[in-house]
């Protein structure tokens with residue numbers, strides 16, 4: 001999905017690192033093999049990165065500068081307009097912003113702006129991640145019923161965290177595109193809450 | 001045997017489960033989580049945390065895992081029946097790290113099993129994107 005962007009900008013000391021929040025490498029494999037990316041695509045079955053960066057849905061992108069500093073926090077960025085009819089989010093503007101940053105035409109956000117745009121985890125978010133971590137471990141060790149209890153609890157503690165609520169569905173044998181997902185989405189969006197939370201349209 | 005999952009690893013420990021509570025010996029606590037009690041203070045290799053006033057943690061050589069987690073401000077997910085617990089990282093610790101704007105480091109593998117460490121990409125601009133097949 002990001003290959004064209006990477007090809008265009010790689011000579012500018014720019015890299016894409018994609019991280020799959022999937023239950024197994026095999027779940028992500030068909031997508032990766034089809035795209036045959038030359039940038040790293042990493043597999044994060046235990047949601048290590050979701051925990052470190054407070055990521056609650058996909059796709060979520062961040063900019064990290066040459067010194068290892070976050071210069072644009074979690075944002076919703078699509079690489080194509082394939083899902084635009086559903087998401088209402090177009091890819092051109094965010095991708096133009098990435099290009100301008102890679103070329104050095106812009107420098108990302110100042111530290112104070114970045115902090116102002118960050119969403120930091122709450123105690124409930126971290127409790128939910130612990131419940132998810134336990135559930136994921138239990139599922140891997142064949143304790144299906146116990147796993148289900150903790151997946152459910154995790155989703156109740158952090159109902160906005162779709163890496164938990166939707167991301168656990170394949171582990172639990174639920175179709176993540178099926179009726180249970182659609183029901184969950186309708187209940188969420190119907191309550192006036194957005195499924196995707198892009199950053200406000202700032203200069204970036 | 002009871003399993004404690006923490007910091008990307010897991011460790012079987014000798015624990016007593018009573019009324020949904022998990023009780024560890026001092027040895028089990030040290031082996032599983034690396035903490036020891038010294039004069040009313042829980043210490044590991046790098047830091048010490050004082051017990052709250054009136055705490056009975058460690059009395060009679062018994063450590064309640066829930067109290068240990070609360071003292072250390074760590075989220076604890078526990079399934080006494082299944083015999084496993086997950087000790088997570090507090091919101092405060094995560095918020096402090098993110099607020100520093102230094103991108104938290106991690107190592108994950110690609111499909112071929114090759115490990116990649118985020119910090120090994122220093123010197124380049126990184127567009128990091130989380131996605132999923134779901």
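The values are calculated or read from the model by the stated rules, or taken from the named source; none is laboratory data. In this text, all values refer to a predicted model and were calculated from it rather than measured experimentally. Methodologically, a virtual Cβ is constructed for each residue, glycine included, from the backbone with ideal geometry; neighbour enumeration extends over all protein chains shown.
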Is it the case, given these coordinates, that residue A:132 is surrounded by 15 or more Cβ atoms within 10 Å (Cβ to Cβ), in contact (Cβ under 8 Å) with a residue 60 or more places away in the chain, in contact with a helix residue (DSSP H, G or I) (Cβ under 9 Å, 6 or more places away or on another chain) and under 21 Å from residue B:83 (Cβ atoms)? yes
Please go through the range A:45-88 and pick out each residue that is farther than 20 Å from residue A:22 by Cα and within 15 Å of the chain's Cα centre (by Cα). A:63, A:72, A:73, A:87
Out of (1) modelled with pLDDT of 95 or more; (2) under 18 Å from residue A:130 (Cβ atoms); (3) surrounded by fewer than 19 Cβ atoms within 10 Å (Cβ to Cβ), what's the single condition that is false for residue B:8? (1)
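Looking at B:53, B:28 in this structure, which one is buried (at least 17 other Cβ atoms within 10 Å of the Cβ) and outside any strand (DSSP E or B)? Don't jump to the end; show me each part of the working.
Values: B:53 fails: buried (at least 17 other Cβ atoms within 10 Å of the Cβ).
Step by step, each of B:53, B:28 is checked, and only B:28 is buried (at least 17 other Cβ atoms within 10 Å of the Cβ) and outside any strand (DSSP E or B).
Would you call residue A:76 more than 7 Å from every other protein chain (Cβ to nearest Cβ), surrounded by 13 or more Cβ atoms within 10 Å (Cβ to Cβ) and within 19 Å of residue B:122 (Cα to Cα)? First the steps, then the outcome.
Numbers: more than 7 Å from every other protein chain (Cβ to nearest Cβ): yes; surrounded by 13 or more Cβ atoms within 10 Å (Cβ to Cβ): yes; within 19 Å of residue B:122 (Cα to Cα): no.
Considered against the rule, which asks whether it is more than 7 Å from every other protein chain (Cβ to nearest Cβ), surrounded by 13 or more Cβ atoms within 10 Å (Cβ to Cβ) and within 19 Å of residue B:122 (Cα to Cα), residue A:76 comes out as no.
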Pick from the range A:99-120, criterion within 18 Å of residue A:200 (Cβ to Cβ) and touching a helix residue (DSSP H, G or I) at 6+ places or on another chain (Cβ under 8 Å), ranking: nearest to the other protein chains (Cβ to nearest Cβ): A:120
Take the conditions touching a residue at least 60 places away in the same chain (Cβ under 8 Å) and either within 8 Å of another protein chain (Cβ to nearest Cβ) or assigned to a strand (DSSP E or B) (or both) and apply them to residue B:86. Does it pass? yes
